[in-house]
Amino acid sequence: MIDLRSDTVTRPTPGMLKAMFAAEVGDDVFGDDPTVNELEAKVAKMFGMEAALFCASGTMANQIAIKAHTQPGDEVICHKLSHVYYYEGGGIAMNSGASVCLLEGDGGRITAADVAAHINPPNDPHRPLTKLVSVENTMNKGGGSIYDFNELTAIGKVCHENDLKYHLDGARLFNALVETAETTADYGSLFDSISICISKGLGAPVGSVLIGNMAFINKARRIRKVFGGGMRQAGYLAAACIYALDNHVGRLHDDHKKAKHLESLLQSLPYIESVMPVQTNLVFFTLKPEMPADIFLGNLKANDIHALALSPQQIRFVTHLDITDDMMVGIENVLRKMQ
Ligand SMILES: Cc1ncc(COP(=O)(O)O)c(C=O)c1O
């Protein structure tokens, strides 16, 4: 089976499984799991931030951050297609009782000017109190687009000047980092909180980490418990995450190269209307009306290739650790035969 649906479908490699089996574990809710503690310390240090918290998923890490930064009735500014709003089941409303201000923006990216223009006057009781700005890098619904770090810095300045917290959904931050000049420490110095996913391109079976200062992480730990996210011998999972951070970051380039190859191949096919610019491992494209998504996906499925339809004409391919060079040849042959 060739699975292009998501980079979350990867299976642990033999090396990762070995690290998991060898993990020393304890009860993490008591703070006793040495491998979870090691992962949290490692990630906090990487980003130059004070502390980190191991979470079961990217959604959980983002939702904990939003709850820790806001009170019911406060407002969160984010792009209208951001994962925290669009794909987390209404969690901002359900978990935090917060309001949202949804911005437009190229490739799913917002700008400092637009953020500044949408901060509600704090003394006007009619308007929700703006408290938090959340950005996503890379931006999933923006086609895996990468933010310009100067723009992120400018947004940070607006947050600072207006006493707003600044959160990064960095589920695929490492995909951005391998393509740009910035470091984890640059990001750590800019944001109040960052969530990273290790179960996507980095290939761990489970696991995200939320990073921030000590007071924020203490609060986040309490919220994680309330959300039912206190895991016990979670060190087996943390070991996979440590292994992924040590072994799978550099190779993200390969996924990006494969995605670029798919981009140019798709551009040459007569049944493709358009392909969003590919910067990382996500390939979003639109089919011409004569090739509806269900027919296209059915053709792929007949060849044991699986992908996702995002609308009746839009498809997403995602390259990842388990997509081999041989599979790429197979995908290319099937796509070419379909015309
Ligand atoms: C940008 C982004 N943030 C957060 C998440 C949530 O991660 P999880 O599926 O682990 O909840 C995803 C998942 O695809 C994502 O793409």
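Can you give the local net charge around CYS78? Use residues other than it whose beta-carbon is closer than 14 angstrom to its beta-carbon, Lys and Arg +1, Asp and Glu -1.
Value of the local net charge: -2.
Quick one: which residues, 5+ away or cross-chain, put their amide H under 5 Å from the amide H of GLU75? H built at 1.01 Å from N.
Residues meeting the amide H criterion: SER99, LEU129, THR130, LYS131, LEU132.
Spelling out what I want: for every residue of the range 97-113, take phi, set θ = phi - 60°, compute 6.51 cos²θ - 1.76 cosθ + 1.60 (Karplus), and round to whole Hz; glycine and proline get x.
Result, ordered by residue: x, 9, 8, 10, 10, 9, 9, 8, x, 4, x, x, 9, 9, 10, 4, 5 Hz.
Determine the sum of side-chain charges near LYS67: Lys and Arg each +1, Asp and Glu each -1, restricted to other residues whose C-beta is under 11 angstrom from that of LYS67.
Computed value for this residue: +2.
Working only with C-alpha atoms, what are the Rg and Dmax values of the range 251-337, expressed in angstrom?
Rg and Dmax of the range 251-337, Cα atoms, are 12.0, 37 Å.
Pull up the DSSP beta bridges for the range 14-247 and report the antiparallel fraction as a percent, rounded to 5.
40
Which whole-number percent of Cα pairs in the range 1-88 have a distance greater than 17 Å?
68
Return the FRET efficiency for the residue pair ASP186, LYS260: r is the Cβ-Cβ distance, R0 is 22 Å, and the value is rounded to the nearest 0.05.
So the FRET efficiency works out to roughly 0.30.
Taking other Cβ within 10 Å of each residue's Cβ, how do ASP3, ASP169 sort, fewest first?
Lowest to highest Cβ neighbour count: ASP3, ASP169.
Please report VAL249, VAL226 as a ranked list, fewest other C-beta atoms within 10 angstrom at the top and most at the bottom.
Starting with the residue having the fewest Cβ neighbours, the order is VAL226, VAL249.
What is the distance in Å between the Cα centroid of the range 87-137 and that of the range 224-290?
With the range 87-137 and the range 224-290 each reduced to a Cα centre, they are spaced 26 Å.
Kirkwood hydrodynamic radius (Cα pairs, Å) of the chain?
20.8
Obtain the nm distance between the two label points defined at TYR86 and ASP163 by a simple spin-label model: each point lies 7 Å from its Cα along the Cα-to-C-beta direction.
3.3
For CYS55, list long-range residues whose amide hydrogen, built 1.01 Å from N in the peptide plane, is under 5 Å from its own amide hydrogen.
Long-range HN contacts for CYS55: SER208, VAL209, LEU210.
Hey, how many Å between the Cα centroid of the range 292-310 and the Cα centroid of the range 147-177?
So the separation of the two Cα centres works out to 36 Å.
Laboratory data are not the source of any read-out in this text; all were calculated from the coordinates shown. Computed from a predicted structure; not experimentally measured. Cβ: placed from backbone, ideal geometry, glycine included. Neighbour counts: every protein chain shown.
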